[in-house]
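Undergrad: To start, I am sharing the structure in question, which I have written as structure tokens.
The values are calculated or read from the model by the stated rules, or taken from the named source; none is laboratory data. Model, not experiment: these values are computed from the prediction. Reconstructed Cβ throughout: ideal geometry from the backbone, glycine too, with neighbour counts over all protein chains shown. These area figures cover heavy atoms from the full protein model, side chains too; ligands, DNA and RNA do not enter into them. Shrake-Rupley method; radii C 1.70, N 1.55, O 1.52, S 1.80 Å.
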Amino acid sequence: MDTKEILKKVRKIEIKTRRLSNHIFSGEYHTSFKGRGMTFSEVRQYQYGDDVRAIDWNVTARYNEPYIKVFEEERELTMMLMVDCSGSESFGTTNQFKSEIVTEIAATLAFSSTQNNDKVGLILFSDGIELYIPPKKGKSHVLRIIRELIEFKPKSKKTDLAQALKFLSSIMKKKAIVFLISDFMVKEYEQTLKIASKKHDVTGIRVFDKREEVIPNLGIVNMLDAETGETFLVDTSAKTVRMNYEKYYKENVKYFTETFSKCGSGTVSSRVDENYVKKLLGYFKARN
């Protein structure tokens with residue numbers, strides 16, 4: 001795509017996802033994720049029923065009557081979008097690729113964060129860190145993130161979730177709201193997720209295509225592994241081939257749900273042809 005086409009696509013995604021975040025997600029997002037803590041606001045005279053533990057003894061001694069400290073929730077948060085840009089995301093058998101839905105979900109979440117005046121950053125990963133955009137505020141920053149999601153070309157087509165989570169833990173010193181968006185067709189990331197989840201509020205969003213769940217009987221088919229570039233003939237009419245693939249797929253999904261649950265992190269699963277809006281809204285409401 002040339003610059004004009006990219007800008008057109010960015011604008012199209014902005015119009016769709018900004019509307020969603022403005023009218024649907026901003027309120028749910030606001031109540032689903034709490035701030036980093038309580039910050040001092042002011043002191044005022046003690047009133048009947050106030051918590052005596054909040055008395056400011058210095059001010060009380062100065063005015064010879066009780067005053068208390070008033071605190072308010074520190075609302076500002078940092079959202080980090082971790083997006084899988086490996087080869088398997090460029091797959092789709094309906095009207096959209098997985099990568100396109102991933103971009104829409106990431107954009108919707110990014111605009112939701114700006115509605116609450118929060119910072120948002122981006123990590124694009126394959127089997128290494130492809131791109132890191134530090135968290136910032138503002139619409140122009142969100143548009144830059146969307147543009148990178150659309151036009152970025154990764155160096156590798158493979159996936160390593162453990163490396164991505166390790167990188168997150170090394171750069172984010174303060175608590176962040178983390179959305180890890182991938183098809184999660186890999187394992188071996190439990191340990192790094194456990195470490196990241198102790199510090200951050202992590203949610204895994206699994207985006208998948210219906211043709212990834214079950215291989216249909218199409219006879220002998222020439223297949224391409226999007227992550228290795230290898231092509232090979234597969235006899236899809238063989239029951240054992242279809243059963244082995246289904247087993248492999250279900251094991252990855254089970255690993256995803258069980259690992260995130262074990263680490264105290266949330267999960268959302270959305271098929272390419274499903275309404276991801278309903279899935280995200282349901283997740284936010286369940287958190288509340």
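Undergrad: Quick one: which helices (runs of 4 or more DSSP H) lie wholly within segment 1-105 and hold at least 3 residues that are under 30 Å from R271 (Cα atoms) and at pLDDT below 75? Don't jump to the end; show me each part of the working.
TA: Numbers: elements: 3-20, 26-32, 57-63.
Per the criteria, 3-20, 26-32.
Undergrad: Looking at K166, K158, K174 in this structure, which one is of a type in the set (K, R), out of contact with any helix residue (DSSP H, G or I) (no Cβ under 8 Å at 6 or more places or on another chain) and open to solvent by 60 Å² or more (accessible area, probe 1.4 Å)?
TA: Working: K166 fails: out of contact with any helix residue (DSSP H, G or I) (no Cβ under 8 Å at 6 or more places or on another chain); K158 fails: out of contact with any helix residue (DSSP H, G or I) (no Cβ under 8 Å at 6 or more places or on another chain).
One residue alone meets the criteria, K174.
Undergrad: Continuing with this model, one more query. Within segment 114-134, how many residues turn out to be at pLDDT 90 or above and farther than 19 Å from C85 by Cβ?
TA: Pass one, segment 114-134, residues at pLDDT 90 or above: 119-134.
With the extra rule that they be farther than 19 Å from C85 by Cβ, the set shrinks to 119.
Here the count works out to 1.
Undergrad: Ok, one more. Of everything in segment 130-147, what is more than 16 Å from the chain's Cα centre (by Cα) and either at negative phi or free of Cβ contacts under 8 Å to residues at least 24 places away in the same chain (or both)? Give them in sequence order.
TA: Within segment 130-147, E130, K136, K137, K139, S140, H141, L143, R144, R147 qualify.
Undergrad: Residues being more than 15 Å from D209 (Cβ to Cβ) and surrounded by 11 or more Cβ atoms within 10 Å (Cβ to Cβ): count how many of those fall in segment 231-247.
TA: Just the residues of segment 231-247 that are more than 15 Å from D209 (Cβ to Cβ), to begin with: 231-244, 247.
Next, only the ones that are surrounded by 11 or more Cβ atoms within 10 Å (Cβ to Cβ) stay: 234-238, 241-244.
Residues flagged as more than 15 Å from D209 (Cβ to Cβ) and surrounded by 11 or more Cβ atoms within 10 Å (Cβ to Cβ) within segment 231-247 amount to 9.
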